[in-house]
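Enquirer: One structure, pasted below without further comment.
The values are calculated or read from the model by the stated rules, or taken from the named source; none is laboratory data. Computed from a prediction, not measured in an experiment: that's the story for all the values here. Glycine also receives a Cβ, built like all others from the backbone with ideal geometry; neighbour counts cover every protein chain displayed.
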């Protein structure tokens, strides 16, 4: 039987099959498979989805919407005010912020009950289209240091740590597309157990600036600093930092070169506490430095540590070729510290009581509004040097008009700045939408 005859025969039974009962369909399929020597599933697909004009396409049944557009709109506004968290974290935020949500949106008891029942999967579906518009890219650089490296032990994980005070730290560069000259760096510190994070901005990578900011942030921690794990940059691997840790009985360790997984905790905080907010533009003025520290040391510090829950990886289960990650319940850094047993000697209980009283007085929506206003001010202080701007305009001659239009379309589609290198060994050139 040739292919043409087989297709004509399938068309002849197609109309009968689509109108037949279940029992009749079985007999028709038996006849078709025997005559044409076809696999049963293949025969079904040819009849129902073979591309013939007469095939009736069965409409997919859609589940009725359980949550009203009003409730989903409130979820989106809370998601935006909370800094676009993951759905599991947002679910916890809906519970944690409940007193302020009711006052801000004047919700009835029924609406509050709906918000309390919404699941992370429903949140993901409701925010799918909005999330597609909030894409960003990562840009950063550092310089390795060698001084005293042989004296500082390597540490790759903190599995045995059960009390707060063990810190990872990292510098985030705000150099923009070119790292020449002096520019602002964000010094980021995070605690392994509680996820408490402190951030400060400083100009350049001077050793004394690192020490001054480290001491200021150490006083802000509600626990005693016991260990400090750094990368291999010269701003950390030096005599001053080594002496500072030795005098205060702080365990000083470093990660392996070019192994970011060794600093997984701080790498994640570099995104949520710095890059996601400040971006990848260049900041190199004293005014921008003061504005960033005003944000880091005040509203952002309280907002992230008192009102932003996060999850911690508990274990990884391997199922065949796939790995399933299991996380704990989302908690804020303050709540993680409060949940520690009284035997945790490094915790300052008086500071925790003061922070709890402060959280009851603060409004997370008000903090979010202040943070956004300060970020708008910081973004206006982004600096593109005139010599770089002229050079970039000249370098664009190496890019065709079609390539430029495509890159501008990518920038507009994902809301990001695109950097290209028009020629070999040339500097990066920024191409933005519009």
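Enquirer: I want to confirm something. Restricting to the range 159-178 and keeping residues that are farther than 13 Å from residue 284 by Cα and in a strand (DSSP E or B), which single residue is modelled with the highest pLDDT?
Expert: Across the range 159-178, the extreme among qualifying residues is 172.
Enquirer: If you go through the range 330-347, how many residues are under 20 Å from residue 303 (Cα atoms) and out of contact with any helix residue (DSSP H, G or I) (no Cβ under 7 Å at 6 or more places or on another chain)?
Expert: The qualifying residues number 4.
Enquirer: Under 21 Å from residue 331 (Cβ atoms), touching a residue at least 40 places away in the same chain (Cβ under 8 Å) and not assigned by TED's automatic domain parsing to the domain that holds residue 300: which single residue out of 94, 115, 90 fits that description?
Expert: 115
Enquirer: Oh, and also: Please list, ordered by residue number, the helices (runs of 4 or more DSSP H) wholly in the range 276-368 having 2 or more residues that are buried (at least 18 other Cβ atoms within 10 Å of the Cβ), out of contact with any strand residue (DSSP E or B) (no Cβ under 6 Å at 6 or more places or on another chain) and in the same structural domain as residue 193 (by TED's automatic domain parsing). Can you show your working first?
Expert: Details: elements: 286-296, 299-307, 333-338, 349-361.
Passing ranges, in order: 286-296, 299-307, 333-338.
Enquirer: Here is a follow-up. Are any residues in the range 222-233 closer than 17 Å to residue 165 by Cα and surrounded by fewer than 22 Cβ atoms within 10 Å (Cβ to Cβ), and if so, which ones?
Expert: Listed by number, the residues that qualify are 224, 226, 227.
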